[in-house]
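Below: the structure, in structure tokens.
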Amino acid sequence: MSSPTFYIIPIFVLALISSLYLLPKISQIVTYKKLMDVPNMRSSHSKAIPHLGGVAFFVLLILSFYFTSRFDENNTIIAILPGLTILFLLGLKDDLVILSPFSKLLGQISAALFLVFHGKENISSLHGFMGIEDMPVFVSGILGVLIIIVVVNAINLIDGIDGLAGTVGVIMSSAFGILFFLLKDYFQMLTAVVMVGMLLGFLRFNLSQKRKIFMGDTGSMIIGFVIGVMAVDLLATDTADLSRLPFNFENLPYVVAAILIIPLFDTGRVFFIRIMQRKSPFTADRNHIHHLIIDHFQVSHRRTSFYIGVVNFILLSLFIFLAMRTTQWQLLVVFLLVIIVGISFFYFLGRLIGRKKLKEEEVKI
């Protein structure tokens, strides 16, 4: 068997080139069949855009397993394939005819259960995080399903402007890829490499003015599922293998949370606001952090995605640095401070936007 590191560059290049080839083909078919994303009141675009880019993600991930399966020591692929297929079909139907939130949730639970019942990626211990060591099997299963569902919905909800889900996806996949490389989990590492390659190819078109394509719910749920599986797999790593990481075992959940911090923070924040307003958590609005930045600072989608991506990278680097040098309790204080600062910033930003809209309405009257 060739060295796993030998495959990194060829797999990346293959994923990138395949993405650059497939996405325009899908765009042509979608345009010809008039299966476009027609703008509505909440849309950030003014004309119909092809939105089935996620089809390319599904095809590329399936094809990549042919090359990476030789490194799949835990036979994880057999658990990923059913879940990936379910979310592909679910997302495709939602992109074409729209599904209810309940139908989506059932599909996401079904996809997550395949991984949980597989058994080899169950989070059996938190290695001393919050004093928690070994956990009962049913608690481990519930936690695994919950993580995947939360991550899938978080990525799905943050996909609201050009470039954001793709940019955050590249950062998250890169971080997981590096950690899996250190852990010598070469299957997950190469899957992360595929994700980075195909998302960079997607960004080439998603950020284009003339050849734009969206990933749609098909793409965002596939990306969310793969990222969620990586999060669960990392947390499920045996204690003996965790010794290869440069930080304490107990800080691993903080590192995983830091990798996912942007979509998790945004989803938690908007869900809380909607519940406080006595609305469904899945009600569409413009309370997402990317909408607030665009509405207040009047910046482009590209700049907004870039700024959020930079913040994501800085926070991730900060928490990994601190995880190597502090205890879990010190890290908890920093984590809470970051969340409080983020909530406060976007709270006041929302207030400023609200006042601005009121003044504009008064002027019109």
How many residues does region 282-317 hold that are outside any helix (DSSP H, G or I), over 22 Å from residue 356 (Cα atoms) and touching a residue at least 40 places away in the same chain (Cβ under 8 Å)?
-> 1
When (1) in a helix (DSSP H, G or I); (2) on the phi > 0 side of the Ramachandran plot are applied to residue 80, the one that fails is (2)
If we scan region 107-123, do we find a residue that is in a helix (DSSP H, G or I), modelled with pLDDT of 90 or more, under 19 Å from the mean Cα position of the chain (by Cα) and among the aromatic types (Phe, Trp, Tyr)?
-> no
Quick one: would you say residue 348 is in contact (Cβ under 8 Å) with a residue 12 or more places away in the chain, over 17 Å from residue 158 (Cβ atoms) and in a helix (DSSP H, G or I)?
-> no
So which residues in region 179-197 are farther than 12 Å from residue 230 by Cα, among the hydrophobic types (A, V, I, L, M, F, W, C), assigned to a helix (DSSP H, G or I) and over 14 Å from the mean Cα position of the chain (by Cα)?
-> 181, 182, 193, 194
Does at least one position in region 85-104 carry a residue that is in contact with a Phe, Trp or Tyr (Cβ under 8 Å, 6 or more places away or on another chain), modelled with pLDDT under 90 and either part of a helix (DSSP H, G or I) or closer than 24 Å to residue 234 by Cβ (or both)?
-> yes
Could you check, for region 150-165, whether at least one of its residues is surrounded by fewer than 16 Cβ atoms within 10 Å (Cβ to Cβ) and in a helix (DSSP H, G or I)?
-> no
Output for Cβ contacts, cut-off 7 Å, separation at least six or different chains, first residue at positive phi in region 128-155, second surrounded by 16 or more Cβ atoms within 10 Å (Cβ to Cβ), reads 128/249; 128/250
Out of 264, 245, report the one residue that is surrounded by 14 or more Cβ atoms within 10 Å (Cβ to Cβ) and in a loop (DSSP other than H, G, I, E, B).
-> 245
With respect to residue 192, is the statement that it is modelled with pLDDT of 95 or more and among the small types (Gly, Ala, Ser) true?
-> yes
Is there any pair with a first residue in region 63-78 that is of a type in the set (Val, Ile, Thr) and a second that is assigned to a helix (DSSP H, G or I) and surrounded by 15 or more Cβ atoms within 10 Å (Cβ to Cβ) whose Cβ atoms are under 6 Å apart and which are 6 or more apart or on different chains, and what are they?
-> 68/187; 68/190; 77/65
Could you say whether any residue in region 232-239 is without any contact (Cβ under 8 Å) to a residue 24 or more places away in the chain and in a loop (DSSP other than H, G, I, E, B)?
-> yes
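The values are calculated or read from the model by the stated rules, or taken from the named source; none is laboratory data. Because the structure is a prediction, the values reported are computed rather than measured. Neighbour counts run over all protein chains shown; Cβ positions are idealised from the backbone, glycine included.
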